[in-house]
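Report on one structure; see the data block that follows.
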Amino acid sequence: MIPVSHVFLLAGVIFSIGMLGLFIRRNLLVIFMSIELMFNAANIAFVGAGNMQANLAVVSDGFASVPFVMAVAAAEAAVGLALVVAMYRATGDTDVELLRRMKG
Amino acid sequence: MNLAVVFTFLLPLCGALINGFLGQWFRKDSGTVAGTIMFGSFMCALIAFFQNQASPIPSFTLWHWFPISDTYTADMRILVDHLSLTMAVMVTGVGFLIHVFAVGYMDHEAAPERFFCYLNFFVVNMLLLVFSDNLVMMFVFWEGVGLMSYLLIGFWYYKPEAASAGKKAFVMNRVGDTGFVLAIFWLFYYFHTFNILEIAGKVKELPESVVTGITLLLFLAVTGKSAQLPLFTWLPDAMEGPTPVSALIHAATMVTAGIYMVTRNHALFNLYPNDPAHMVILTVGALTALVAAAIALGQNDIKKVLAYSTVSQLGFMVMALGVGCYIQAVFHLLTHACFKALLFLTAGAVIYGMHHEQDMTKMGGLAKRMPMTAACFIIGCLALAGFPLTAGYFSKDAILSAVLLKDHPYAWAAGLLAAVFTGFYSTRAVWLTFFGEWRSSHAPDHIHETPRVMLMPLMILAVLALGAGFAGWPEGSGMLYKYLEVTVKQPELKGHLSMANWLATILPGLIGIALGLFFYARGKSPAPVVALFGPIGNWFVQKLYLDEIYEFLIVEPTKIFAQACYYIGDKAMIDGFLHSWYNVCAFGGSRMRRLHSGHLHATLASFLAGVVALFAYILVRGY
């Protein structure tokens, strides 16, 4: 049985990696992947919390939240990738610094 | 409901609608349609007139208009009596003749259907004003004739003078109409009714000061509509409209609405015949008659002369109202409608023949080229000047002797002087136009006798101008007096004029004519008025500078006030508030704009800082 604190710790580490990537990378695709990483860190935290609730023998909201987060992540991926492709087509690059100009 | 009465005003309404909506399909014939319809209307009015003589026609309600209180509903109600029928016959009769004349006069017009639509609609409004049973209805059609007057003065709206003359007429009438509205409210406050006859029945309950106030307010409306001092300056400007309009609206009918309104409310005016209001009415009438006649001496525009003479004759009618002689006023109103319509139409025929030349100093000797027109004009001028046995003689004489019998010698003297002036300027107009040498630089070859369609109404009106006076003869007991006495109750005139006074009443017109002949018929080139009267003549020519005085006293201060409102209210307060608020927003925006650098990482960092701050806050405060 893995202790809950380990699970939360793992979630925290992955979230931090994701946020770090978000802050230091300039490639839009990598930033996008960092966001996905943060989604999954949150999902891991949900699973840990759900597991904790299951041990207490009550109905688990944590497990139920996971499919919702996955669905949102999937939808976000569709839109986000489309934006990345659109940006690449428009500028020939995926560097976010290029997005300072507010024209196409 | 009496069909003859209904059709009297329903036919012109149909004519206005037909010409207004369908007229563009039969442009050339729109005048014929309007004229035919007016003939029908005139016949209906005559039938109603004679029916009423056989057995009185009862008043009837067209429809309930709007309820005002639990006890009173303002109705569209037609008041049929001797007075309203007399007026209706005059309006439709003169209106018909002028419509016929206008068919000829407007034949070069591109869109005559608009003209005839307005003209018919004016007749509808005038008839309903005359037939009004209550003051609110009367006010509505009072405004209606004002609106049609505005539209017809500005008929040639592309001429700036015509457009501004229309505006002037409308605005100056508003001043008077304020008085009418206030008087209506004041009467309603006491009687809770607008019905003229009901008010007349109860009017004895009013204290004298209230009656004086109400009659003065009503008289203010008269000074506007009937062009009295100080509001008469719109009428001469109204001559910018087509000449048939001047004849119908600004001489024969609309401007006499004020006289009619006072006569209609004579119960109110009869109550205190010696109160200050009557002094005001008499004084204003006498002064208007004199001043306008003096101004007419100095005018060279043939229509302007007639316009000022209209103002002057209206002054005579108002004098009669001021001494409580309403039938005499209506008598002069009727004869004046005949001879002034005749004068305007002949002037129109001259202007038509001269290809829109109105300056009398550029005419002369026209009697040789248009003898019938000249004869008609001379007849009109004789009636206007009060030449014995013409229409104007009987009615003007009736008014002047009534004023004297009521013991107002100063007003009487002013009237006599005005009558001298009238004779003078009539003769001057005749001589400058029809006699002497041709004075224009153009050759007179193209000038011919007036076309027959325009000549026929002139001849009928000329007969009326000669004969209509006998309706009111002998004075005080003639046909017209007997007829109107049923409706209009006025105090009997006591006493008789001495022979000297009687002579003094008929001589001024003759003196004026003689003077006019003396000064104008001798020389080949007419002397200008300034030469005859010296510096005073210049005052007459310049219309006593009344327009300039009003410009200085009213228009300029109003403009300054408007400028002050513009700079203080608009510029400083409204714009000032808006602009300072705009400056605050613009300054804030220029600072806030720097946050939006477009750096994704800067945005993220501030987002993170916000999240951290939020968490810190929650941690510190606790949940």
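The values are calculated or read from the model by the stated rules, or taken from the named source; none is laboratory data. The structure displayed is predicted, hence computed values, not measured ones. Every residue, glycine as well, gets a Cβ built from its backbone with ideal geometry; the counts of neighbours run over all protein chains shown. Ligands, DNA and RNA are excluded from the accessible area calculation, which covers all protein heavy atoms including side chains. Shrake-Rupley method; radii C 1.70, N 1.55, O 1.52, S 1.80 Å.
Before moving on, here are some points about what is shown:
- Complete set of residues in the stretch B:81-131 that are closer than 30 Å to B:HIS355 by Cα and of a type in the set (Ser, Thr, Tyr): B:THR92, B:TYR105, B:TYR118
Each row is one residue, and each column tells you yes or no for (1) of a type in the set (Gly, Ala, Ser); (2) within 22 Å of the chain's Cα centre (by Cα); (3) part of a helix (DSSP H, G or I).
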residue: B:MET148; (1), (2), (3): no, yes, yes
residue: B:LEU152; (1), (2), (3): no, yes, yes
residue: B:TRP156; (1), (2), (3): no, yes, no
residue: B:ALA165; (1), (2), (3): yes, yes, yes
residue: B:LYS168; (1), (2), (3): no, yes, yes
residue: B:ASN173; (1), (2), (3): no, yes, yes
residue: B:TRP186; (1), (2), (3): no, no, yes
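- Within the set B:VAL291, B:VAL175, the sole residue that is open to solvent by 10 Å² or more (accessible area, probe 1.4 Å) and either on the phi > 0 side of the Ramachandran plot or in the same structural domain as B:MET319 (by TED's automatic domain parsing) (or both) turns out to be B:VAL291.
- Contact map, the stretch B:348-364: first residue free of Cβ contacts under 8 Å to residues at least 40 places away in the same chain and over 17 Å from B:SER246 (Cα atoms), second residue outside any loop (DSSP other than H, G, I, E, B) and of a type in the set (A, V, I, L, M, F, W, C), Cβ cut-off under 6 Å, separation 6 or more or different chains; the map is empty.
- Identity of the residue in the stretch B:583-614, part of a helix (DSSP H, G or I), open to solvent by 100 Å² or more (accessible area, probe 1.4 Å) and within 14 Å of another protein chain (Cβ to nearest Cβ), that ends up nearest to A:ARG26 (Cα to Cα): B:PHE607
- Within the stretch B:192-206, restricting attention to residues that are open to solvent by less than 60 Å² (accessible area, probe 1.4 Å) and out of contact with any Phe, Trp or Tyr (no Cβ under 9 Å at 6 or more places or on another chain), the residue that is farthest from B:ALA252 (Cα to Cα) is B:ALA200.
- Among the residues making up the stretch B:297-332, those that are among the polar types (S, T, N, Q) and over 30 Å from B:LEU271 (Cα atoms) are B:GLN299, B:ASN300, B:SER309.
- Where a residue in the stretch B:190-201 is without any contact (Cβ under 8 Å) to a residue 40 or more places away in the chain and its partner, wherever it lies, is surrounded by 17 or more Cβ atoms within 10 Å (Cβ to Cβ) and among the aromatic types (Phe, Trp, Tyr), with Cβ under 8 Å and at least six apart: B:GLU198/B:PHE191
- Lone unmet requirement of (1) modelled with pLDDT of 85 or more; (2) open to solvent by less than 90 Å² (accessible area, probe 1.4 Å); (3) more than 14 Å from every other protein chain (Cβ to nearest Cβ) for A:SER16: (3)
- Candidates B:VAL145, B:VAL181, B:VAL210, B:VAL130, filtered to the one that is touching a helix residue (DSSP H, G or I) at 6+ places or on another chain (Cβ under 9 Å), open to solvent by 20 Å² or more (accessible area, probe 1.4 Å) and not small (Gly, Ala, Ser): B:VAL181
- Beta carbons closer than 9 Å, at least 6 apart along the sequence or on distinct chains, pair a first residue in the stretch B:384-397 that is in the same structural domain as B:ILE511 (by TED's automatic domain parsing) and at positive phi with a second that is in a helix (DSSP H, G or I) and basic (Lys, Arg) for B:GLY386/B:LYS396.
- Taking every residue in the stretch A:19-32 that is under 10 Å from A:VAL96 (Cα atoms) and within 11 Å of chain B (Cβ to nearest Cβ) and pairing it with any residue that is assigned to a helix (DSSP H, G or I) and open to solvent by less than 50 Å² (accessible area, probe 1.4 Å), at least 6 positions away or on another chain, the pairs with Cβ-Cβ distances below 6 Å are A:ARG25/A:ILE31; A:ARG26/A:VAL96; A:LEU28/A:VAL84; A:LEU28/A:VAL96; A:ILE31/A:LEU22.
- Residue within the stretch B:514-523 that is of a type in the set (Phe, Trp, Tyr), assigned to a helix (DSSP H, G or I), surrounded by 14 or more Cβ atoms within 10 Å (Cβ to Cβ) and away from every other protein chain (no Cβ under 14 Å) present: yes
- Here B:VAL488 passes the criteria (1) touching a Ser or Thr at 6+ places or on another chain (Cβ under 9 Å); (2) on the phi < 0 side of the Ramachandran plot; (3) modelled with pLDDT under 80 except the one numbered (3).
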